[in-house]
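Working notes, beginning with the structure itself.
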Amino acid sequence: MHKALTLTCQEVGARMIVALKRCFEPFFKKIVMPTTLSSWIARCGLCVLLSVCVLEQAQAQTQIQAQTQVQATSLAPQAPEIAAHAYLLIDVTAQQVLAQSNADQLVEPASLTKLMSAYLVFQALKAKKITLEQALPVSERAWKMQGSRMFIDPKMQVPVLDLIKGMIVQSGNDATVVLAEGVGGTVEHFVEMMNAQAQTLGMKNTGYKNPEGLTVPGHITTAKDLSILATRLMQDFPEFVGYYAIKQYRYPGTPAANQNNRNLLLFRDPSVDGLKTGHTDAAGFCLIATAKRDAPGVGSRRLLSIVLGASSENARAAESQKLLNWGYTAYEAVKLFDASQAVVSPLVWKGQANSAKLGRFQPIVVAIPTGAIGRVQTQVARPEPMVAPFQRGQTVGSLRVTLDQKPWVDVPLVVLEAVEQSGWLGRTWDALRLWVK
């Protein structure tokens with residue numbers, strides 16, 4: 001620990017010296033090299049004074065950032081005790097984290113792995129590389145898979161639709177391997193596709209070794225990465241996510257005892273419509289659950305809970321239910337602006353239009369502690385001056401939401417309509433006006 005602290009100090013010192021040199025080298029070059037002891041002392045004193053100023057400014061900035069984080073945390077309702085190794089609660093509608101614990105801790109995903117497998121299958125369907133009606137052969141490798149199964153065998157040709165249901169409802173490892181072979185050609189290539197897609201989605205701490213989730217060294221993820229995957233799955237493939245709400249399914253000729261979805265919340269809470277369970281001895285009992293309930297003034301409000309490493313099938317369901325119920329009662333959703341509504345339309349220089357509309361293509365919704373709506377204020381932060389061109393969808397500034405005059409959440413604002421650059425004469429005229437201004 002002391003070594004790490006020393007290295008940090010060295011890095012800070014080195015960066016400070018470089019910064020001082022760049023800032024004040026032109027100034028020192030104008031000073032005649034000192035020839036007396038008093039001149040050397042004066043110059044050293046100036047360097048010390050400048051160093052102190054730089055350090056004080058850096059320390060003040062760090063304190064401001066820490067204070068901002070503490071303020072936001074202190075305003076948040078206290079989350080309930082959750083009996084799990086890690087958990088995360090996301091307000092998908094507001095795109096806010098409501099509660100978390102060990103969200104960045106590396107864990108085994110077990111059958112939650114199948115969310116990525118499903119993502120790639122849905123992607124292939126959308127690109128028309130496969131169809132729901134297309135029948136895929138069952139390989140020996142798929143037939144011999146251990147763990148949860150759909151109970152298909154090499155004598156069968158199974159439609160993609162049934163394989164998807166077998167993978168999602170029954171968590172079939174055999175069905176998952178058949179789909180992996182059908183989409184990727186081989187399981188190994190499909191795993192490469194999984195890892196590439198994880199990087200594309202920004203899942204920085206995830207590594208896949210197989211498509212089904214059986215325990216293998218290096219097959220890891222985090223609650224935060226799983227939240228990215230789950231939200232993108234629902235966002236990118238709304239036409240397919242309904243499969244996760246199916247309570248019972250079995251393929252003809254397979255055991256009826258294996259037909260129930262392992263997500264117990266589908267049978268307990270009518271607002272829950274997904275998403276996936278997982279279990280191995282190493283991972284414990286895991287559940288990613290999502291619910292959609294009506295919210296006044298907002299419409300449907302979706303929450304996503306991730307509970308990892310619970311002690312039993314019933315415990316993961318109970319803890320997930322606890323998180324979801326708490327999220328809906330401790331926080332309320334408030335719509336600040338409609339979809340594509342201009343939050344602000346600032347003046348634009350050197351553009352074919354005089355102003356740029358800034359907002360969001362989706363409704364701007366924030367989650368705040370229940371009953372705190374009267375204590376919410378907003379302020380737009382943006383660059384000044386605004387000089388064209390601006391592309392549609394380009395992020396320009398943010399809507400800063402405060403609660404009790406303390407930072408709560410920042411919502412990025414984008415350009416709703418492109419603003420092209422004006423002609424030479426217009427740019428020249430605005431350049432002169434900006435110079436005078």
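The values are calculated or read from the model by the stated rules, or taken from the named source; none is laboratory data. Everything quoted here is computed from the prediction, not taken from an experiment. Neighbour counts are summed over all protein chains in view; Cβ atoms, including those assigned to glycine, are modelled from backbone coordinates with ideal geometry. We work out accessible area using only protein heavy atoms, side chains counted, and drop any ligands, DNA or RNA first. Shrake-Rupley method; radii C 1.70, N 1.55, O 1.52, S 1.80 Å.
What the table below lists for this structure:
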quantity	calculated
Qualifying position, being touching a residue at least 24 places away in the same chain (Cβ under 8 Å) and part of a loop (DSSP other than H, G, I, E, B), among ALA431, ALA353	ALA353
Failed criterion for LYS350 (all others in (1) modelled with pLDDT under 95; (2) surrounded by fewer than 16 Cβ atoms within 10 Å (Cβ to Cβ); (3) not polar (S, T, N, Q) hold)	(2)
Exclusive hit being among the hydroxyl-bearing types (Ser, Thr, Tyr) and surrounded by fewer than 19 Cβ atoms within 10 Å (Cβ to Cβ), set THR222, THR215	THR215
Filter result for the condition that a residue is over 22 Å from ALA289 (Cβ atoms) and acidic (Asp, Glu), over ASP236, ASP153	ASP153
Some residue of region 154-164 being of a type in the set (Val, Ile, Thr) and either surrounded by fewer than 18 Cβ atoms within 10 Å (Cβ to Cβ) or under 29 Å from the mean Cα position of the chain (by Cα) (or both)	yes
Given (1) basic (Lys, Arg); (2) assigned to a loop (DSSP other than H, G, I, E, B); (3) within 16 Å of THR113 (Cα to Cα), number of the condition ARG250 does not satisfy	(3)
Residue match in region 223-232 (condition: modelled with pLDDT of 95 or more, part of a helix (DSSP H, G or I) and among the basic types (Lys, Arg))	yes
Single match in LEU229, LEU233 (criterion: surrounded by 21 or more Cβ atoms within 10 Å (Cβ to Cβ), of a type outside the set (Val, Ile, Thr) and in contact with a Phe, Trp or Tyr (Cβ under 6 Å, 6 or more places away or on another chain))	LEU233
Residue satisfying all of: in region 100-123; assigned to a loop (DSSP other than H, G, I, E, B) and open to solvent by 10 Å² or more (accessible area, probe 1.4 Å); nearest to VAL241 (Cα to Cα) among these	GLU108
Any chance VAL365 is open to solvent by less than 20 Å² (accessible area, probe 1.4 Å), within 30 Å of THR277 (Cα to Cα) and in a strand (DSSP E or B)	yes
Number of the exception - VAL396 against (1) part of a loop (DSSP other than H, G, I, E, B); (2) more than 26 Å from GLU332 (Cβ to Cβ); (3) of a type outside the set (Lys, Arg)	(1)
Per-region count, region 170-184, residues open to solvent by 10 Å² or more (accessible area, probe 1.4 Å) and touching an Asp or Glu at 6+ places or on another chain (Cβ under 7 Å)	0
Condition met for VAL187 (crowded, with 24+ Cβ neighbours inside 10 Å, hydrophobic (A, V, I, L, M, F, W, C) and more than 13 Å from ILE130 (Cβ to Cβ))	no
Answer from SER320, SER340 - the residue that is of a type in the set (Gly, Ala, Ser) and either surrounded by fewer than 20 Cβ atoms within 10 Å (Cβ to Cβ) or more than 22 Å from the chain's Cα centre (by Cα) (or both)	SER340
Failed item, numbered, when ARG302 is tested on (1) basic (Lys, Arg); (2) open to solvent by 20 Å² or more (accessible area, probe 1.4 Å); (3) in a helix (DSSP H, G or I)	(3)
